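Below is one structure; the comments refer to it alone.
The values are calculated or read from the model by the stated rules, or taken from the named source; none is laboratory data. Not measured: the values here are computed from a predicted model. Positions of Cβ are generated from backbone atoms using ideal geometry, with glycine treated the same way; all protein chains shown enter the neighbour counts.
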Amino acid sequence: MKIRPRNLLIVSFLALAGCNQSQQQAAAPAAPPPAVGVKAAETKGVARAYSFVGRIKAIQIVALRARVQGFLDKVLFTEGQDVKTGDLLFQIEKVQYQAQVDQAEANLASAKAQTVNAQLQFNRAADLVKSSAGTQSTVDQTRAALEVAQASVLQNQAALTQAKVNLDYTDIRSPIDGRIGRTTYTQGNLVGPTSDVLATIVSQDPIYVQFPVSVRELQEIRKSRRQEDGRLIKIDIVARLPSGEEYAHPGVWNYTDPQVDQPTDTLLMRGTLPNPERQLVDGEFVTVEVRERQQQPRLVVPQSALQVDQGGDYVLVVGADKKVELRRVKTGENSDTDVVVESGLSAGDAVIVDGVQKVRPGQVVNATPVTAATAEAKP
């Protein structure tokens, strides 16, 4: 087939254009490595803490009851006030109980007089039998009379003691320091041992906080507290109020239930908290933190470096060859904008905190250290 000069010119032009394009592509520079921001994993002082849901519980709660029957003569407190041990709160009419005391004292005096007379009769009979002027049967009779009189003294002494106790029960006093609630009975009402509770006193300071801890969490707490030399790290019990505010007075851990609650697999823990301002109230819910008293050196990285997938937590690290590595890590609690790393990293490892989404493991990157302020702004 004969090629026309015009067609030959077009083919030559296309061939020349293709060669120029190939030369331009070969001469184009390669794309630079992606830029990422890194921050070295470092050791900081961190106080480990564990959070639980707890309830405030008064150390002492006393329900006041009448121990003798009678009409309320006086109510000597204001509902809701603080009371001290020994404060007089209620007073029951005393007339009948004072009369019982007076009667018991009189009976005791009479029994003592009879005892004195029986003693004289026995002594006289004993002297007479020695001189053969009396008989042994008379001695035996007077001895028995003396013993009956002595028993009567003991009996009346016991009756007097009981009468005095009943008289004392007419004064109802506070057995503890605390705050007294509403009174169930007012002045003039008949009360007695079968009556309802007169009022309830709740101790205020100090106060308990109780919270359940799973067996697994308890083992973790005990393990984390144990130092290499065998000593235990001291801990505080810190409460957070329903508003989220941290309660100003930390307490101490003082009790662990010896039995596990089988349905929940938890143990009841208890701490004691100061309550000088009466801010904590018996029965309220709070968040409880079991917190180390002093900070301990722990490895941390910014939270912005932590990534999660189906395999768990991981971070991307830039190695000495500028390549990205994926490191699986085991994390602990958060500390401000950092997170504690318990395993998987070493101090000084450069973890990527900026540009994580642009890179993949094995890729060469251009790493630039970032400041602490920049890393904290990234979570």
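For the reader, a short list of remarks on this structure follows.
- Some residue of the range 156-173 being part of a loop (DSSP other than H, G, I, E, B), in contact (Cβ under 8 Å) with a residue 40 or more places away in the chain and either in contact with a Lys or Arg (Cβ under 7 Å, 6 or more places away or on another chain) or assigned by TED's automatic domain parsing to the domain that holds Thr287 (or both): yes
- For the range 296-309, the condition of being surrounded by fewer than 16 Cβ atoms within 10 Å (Cβ to Cβ) and outside any strand (DSSP E or B) holds for none of the residues.
- Sole exception among (1) within 31 Å of the chain's Cα centre (by Cα); (2) modelled with pLDDT of 75 or more for Ala47, by number: (2)
- The single condition from (1) free of Cβ contacts under 8 Å to residues at least 40 places away in the same chain; (2) surrounded by 15 or more Cβ atoms within 10 Å (Cβ to Cβ) that Arg124 fails is (2).
- Candidates are the residues of the range 33-46 that are buried (at least 17 other Cβ atoms within 10 Å of the Cβ) and among the hydrophobic types (A, V, I, L, M, F, W, C); the one that is farthest from Gly332 (Cα to Cα) is Val36.
- Residue count for the range 296-308, restricted to those that are among the charged types (D, E, K, R) and either modelled with pLDDT of 85 or more or at positive phi (or both): 0.
- Checking the range 108-117 against the condition returns a match, with at least one residue being crowded, with 17+ Cβ neighbours inside 10 Å, assigned by TED's automatic domain parsing to the domain that holds Val165 and in contact (Cβ under 8 Å) with a residue 40 or more places away in the chain.
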